[in-house]
Every structure is written in C-alpha cells, then in structure tokens.
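Below is one structure, written out as structure tokens, with a few remarks after it.
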Amino acid sequence: MGSSNAFGWAATDTSGHLSPFHFSRRENEADDVTLKILFCGVCHSDLHTIKNDWGFTTYPVVPGHEIVGIVTKVGSNVTKFKEGDRVGVGVIVDSCKECECCQQDLENYCPRTVYTYNSPYKGTRTQGGYSDFVVVHQRFVLRFPDNLPLDAGAPLLCAGITVYSPMKYYGMTEPGKHLGVAGLGGLGHVAIKFGKAFGLKVTVISGSPNKEAEAIHTLGADSFLLSSDPEKMKAAMGTMDYIISTISAVHPLAPLLGLLKLNEKLVNVGLPSKPLQLPIFPLVGGRKLIGGSNFGGLKETQEMLDFCAKHNITANIELIKMDEINTAIERLSKSDVKYRFVIDVANSFSSSNM
C-alpha cells in the first residue's frame, strides 16, 4: 500500500512535550476521503494520551480528534463528498462495519473501533489532526453545515457529541425539566447550550465560585450551584430531573445523587483516571440511576452537527497556532481555558517549517 508524506506535531515520550514530526499517511483508496486540515480542537483526551495517563499510548503519537477541513481528493467509490466540501472527522476513523453495533450506527461501541490516533490500523498506527492532512474512510467523514464556523465548530466533533448522545439516549431533552451540568469545561459549556436548545432549565454545578458569572451571563445557564457550599447543596436536594457530569477528576457521587428527584438519573461522561465510589443507599433509596455514555456514532454525530447549525450552537474557543501547543497543553492541565483550544492548523504550517 502506498503512502504520502505528512507533517504534524507529535509527543515522543511520557513528558507529553510535542514537537515537529514527519510521518507517512496511507494513499487515498476507493472508499477514502482526503482532507486538508484547517482546524483541530485540543481535547482533554489528547492530554491524557500524550502523557500516557491511561497506560496504552504508543509513541510517537500525533494527537487530535476534532478535525475540520476541506476535501482535496475522493476515491472512486465515494459518492457523498466531492473536492472542496467542508467536512469533519471526529474520534474514530474505522470499525468492523459488520457487528451489531455497526449495523445500528453505533460504530463508537464496536469492539474493533479504530481511533483517530494511537490505534493500530492496516499495519501501522493512526495519527491525528495536529497535522496537515488526513485520509479517512468515507463512512467516518461528516458533512459540516454551511452556517457552522469551522473553527468554533471543531470541538463539537468530540465535546459536542459526547454530551448530545447521552442527553438523547437517556431522554434528557423534555422541555421544562431541570438539568444539572456538573463541571464547567469543554464538555460542560456545550451541555449548557444543548440544554437551553432543548428547552430545559439548566443549573451549573461547580466547586469554583468564580465560574458563576460566566455560567449565567456568558453561557446562558439559569442558575449556579456551588458544590463546595454544604448549605446550598442541602437546599438544592431533590430538585433536579437529570444531571450530566463532565467532571474528569475523581469526585464523590453522593452529593450529585442527592440533588436528583425520585426516579431520576445521573449520567457520567468525564473519565477520571481512578474508579469512583458508588454509594448504594441513595441509589436504592431514591430509585435512581447512574449511567455512562461514550461519544456517538456517525449518524448521530451528523444529526448533532445539523442541530447545532439550526440552533447556532458552537464552542467558545481560544484559537492558537501550532507552535503554542505546549503552552496550551500546560494551561489545559490547569483548566485555564474558556473553554476549548483550537489549533489554526492551516495557517501554522508554512513551507518553511515542513
């Protein structure tokens, strides 16, 4: 199988430091779409992967799975896309396409999912969107609606679908109901916007009092609950219909369960590096449910992008150049970003540095 020379930024060891890196991409085959990468979001998963926090990183690794760009080439079997189309690529770039999950458009749960980076694939390893171009099977390419900006739309391909999918699956979309959003970062800030678009009352639950003004005045939440204030937490017990937790640090579940009404549900989409403790009494005593959710399949991700275009939903971003990525990663590790870094890839890679 042929290959093409690509250029990106990669981590080569557990320090997570990223530096310029030349590598090979496979050639465009019959079912493939090649896209020039214009923008790529910086996800918390990128941070975990480059530092091998989860224990399965193979170096060197080029991160990035919130990719948007322009189609530059299509294979002979490709009918959905043409050169010049605005497209996106999210967390996965292939699956078995035959199992029950794939048949139900839930490729993200396929046991043979191929991730956009750090996955074995066709005798090599996938490399992500901190790079100049990518070649992807057409099934895993998404059409970007014309009125959705590419830069602020890029984080929707992970952060957006990761909160949209559980809200749809667990029925957290009924107008007038009360949604709690625990954690206000890349995922949480998009969850607020989805909640408001679905017609929900939205309360942000956070331990940082300085996030209150931002949550309400900038992002449109209805109220703010300071989780580090026992009196306020006690007063809010039993008031919420659903909670989506985007918290990626280890945290107690009991306070969140206490906020839920009878029969209601807490859904976790954050990925703490250590197990959470499950308090069984509030679960049983309130007939409550704790669930989890991965990002979505391709059909649902396209639905989410179209929903965002209809409701003018984008991420709040800070645009950076590629050579600022190490500083950005350091800031991300301290939650010092509102609310998603996006790399201006195309304007970062000139002929002088390739």
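The values are calculated or read from the model by the stated rules, or taken from the named source; none is laboratory data. Small disclaimer: the values here were computed from a predicted structure and weren't measured. Backbone-built Cβ (ideal geometry, glycine too); neighbour counts: all protein chains shown. Accessible surface is based on the protein model in full, side chains and every heavy atom, while ligands, DNA and RNA are left aside. Shrake-Rupley method; radii C 1.70, N 1.55, O 1.52, S 1.80 Å.
Restricting to region 80-96, name every residue that is assigned to a loop (DSSP other than H, G, I, E, B) and modelled with pLDDT of 95 or more. First the steps, then the outcome.
Filtering region 80-96 for residues assigned to a loop (DSSP other than H, G, I, E, B) gives 80-85, 90-91, 95-96.
Across region 80-96, the qualifying residues are Phe81, Lys82, Glu83, Gly84, Asp85, Gly90, Val91, Ser95, Cys96.
Suppose the filter is closer than 30 Å to Lys274 by Cβ, in contact (Cβ under 8 Å) with a residue 60 or more places away in the chain, in the same structural domain as Ile325 (by the TED database) and charged (D, E, K, R); does Glu27 pass it?
In short, no.
Looking only at strands (runs of 3 or more DSSP E) that fall completely inside region 1-60, which ones have 3 or more residues that are open to solvent by less than 20 Å² (accessible area, probe 1.4 Å)? Give the steps one after another, and end with the answer.
Details: elements: 3-11, 18-26, 32-42.
Strands (runs of 3 or more DSSP E) meeting the threshold: 3-11, 32-42.
Tally up the residues in region 79-91 that are open to solvent by 20 Å² or more (accessible area, probe 1.4 Å) and in contact (Cβ under 8 Å) with a residue 60 or more places away in the chain, please.
Of the residues in that region, 2 qualify.
Pairs under 7 Å by beta carbon, first residue of a type in the set (A, V, I, L, M) in region 106-128, partner surrounded by 19 or more Cβ atoms within 10 Å (Cβ to Cβ), six or more apart or different chains?
That search, which allows pairs on different chains as well, returns Leu106/Gly297; Val114/Ile92; Val114/Val93; Val114/Asp94; Val114/Ser95; Val114/Thr126.
Restrict the check to region 318-333 and report whether at least one residue is touching a Cys at 6+ places or on another chain (Cβ under 9 Å) and among the basic types (Lys, Arg).
Looking through region 318-333, none of the residues is touching a Cys at 6+ places or on another chain (Cβ under 9 Å) and among the basic types (Lys, Arg).
Between Ser293, Ser335, Ser273, which is closer than 27 Å to Glu107 by Cα and open to solvent by 70 Å² or more (accessible area, probe 1.4 Å)?
Of the residues listed, the single one that is closer than 27 Å to Glu107 by Cα and open to solvent by 70 Å² or more (accessible area, probe 1.4 Å) is Ser273.
Assuming Gly258 fulfils every condition listed in (1) closer than 18 Å to Phe295 by Cα; (2) free of Cβ contacts under 8 Å to residues at least 60 places away in the same chain; (3) small (Gly, Ala, Ser) apart from one, which condition is it?
Result: Gly258 fails condition (1) only.
If we keep just the residues of region 120-144 that are open to solvent by 10 Å² or more (accessible area, probe 1.4 Å) and part of a loop (DSSP other than H, G, I, E, B), which is nearest to Glu100 (Cα to Cα)?
Lys122
Looking for something in contact with a Lys or Arg (Cβ under 7 Å, 6 or more places away or on another chain) and at pLDDT below 95 - is there at least one such residue anywhere in region 34-50?
Among the residues of region 34-50, not one is in contact with a Lys or Arg (Cβ under 7 Å, 6 or more places away or on another chain) and at pLDDT below 95, which makes the answer no.
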